[in-house]
């Protein structure tokens with residue numbers, strides 16, 4: 001009986017220690033791309049981000065401009081244009097750059113969200129908790145006359 005208890009405690013301890021190194025098990029966002037890479041007012045753009053999520057925690061992906069957080073861009077991974085393949089982990093959205101968009105440098109923050117649309121919290125590389133986000137810089141240039 002004592003051996004069974006010791007074996008159970010040992011197995012539980014090993015399983016618990018394995019969970020300490022779980023950074024690679026949590027969802028990740030990577031490889032954000034805005035195409036074309038140089039935007040001009042009135043132009044259409046495709047934005048993609050890769051989502052690695054082994055446990056299906058990410059239900060929604062959205063982007064917001066740091067300079068204007070009210071502007072929200074909803075990404076899809078459903079195979080409907082502009083997304084190429086459903087459920088391949090590449091989430092996509094299409095954006096029309098407003099004709100009156102100002103010239104300058106901007107930052108798009110892309111976040112992974114759960115079924116309730118709340119931003120998912122993950123452990124960052126420094127082992128501190130933070131939002132599941134990735135940022136993508138881009139520029140808008142006025143067309144040359």
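Looking at the range 27-41, which of the residues that are more than 20 Å from residue 76 (Cα to Cα) and at pLDDT below 95 is surrounded by the most Cβ atoms within 10 Å (Cβ to Cβ)?
Top of the filtered list is 38.
If residue 54 satisfies every condition in (1) part of a loop (DSSP other than H, G, I, E, B); (2) surrounded by fewer than 17 Cβ atoms within 10 Å (Cβ to Cβ); (3) touching a residue at least 40 places away in the same chain (Cβ under 8 Å) but one, which is the exception?
Here residue 54 meets the rest and fails (3).
Out of all the residues in the range 86-107, which are free of Cβ contacts under 8 Å to residues at least 40 places away in the same chain and under 17 Å from the mean Cα position of the chain (by Cα)?
If the condition is that a residue be free of Cβ contacts under 8 Å to residues at least 40 places away in the same chain and under 17 Å from the mean Cα position of the chain (by Cα), then 86, 87, 88, 89 are the ones that fit.
Among the listed residues 93, 85, identify the single one that is surrounded by fewer than 12 Cβ atoms within 10 Å (Cβ to Cβ) and over 17 Å from residue 41 (Cα atoms).
None of the others qualify; the one that does is 85.
Regarding the range 120-130, can at least one residue be identified that is farther than 19 Å from residue 30 by Cα and in contact (Cβ under 8 Å) with a residue 60 or more places away in the chain?
No.
The values are calculated or read from the model by the stated rules, or taken from the named source; none is laboratory data. All of these numbers come straight from a predicted model, not from anything done at the bench. Ideal geometry is used to build each Cβ from the backbone, glycine not excepted, and the neighbour counts take in all protein chains shown.
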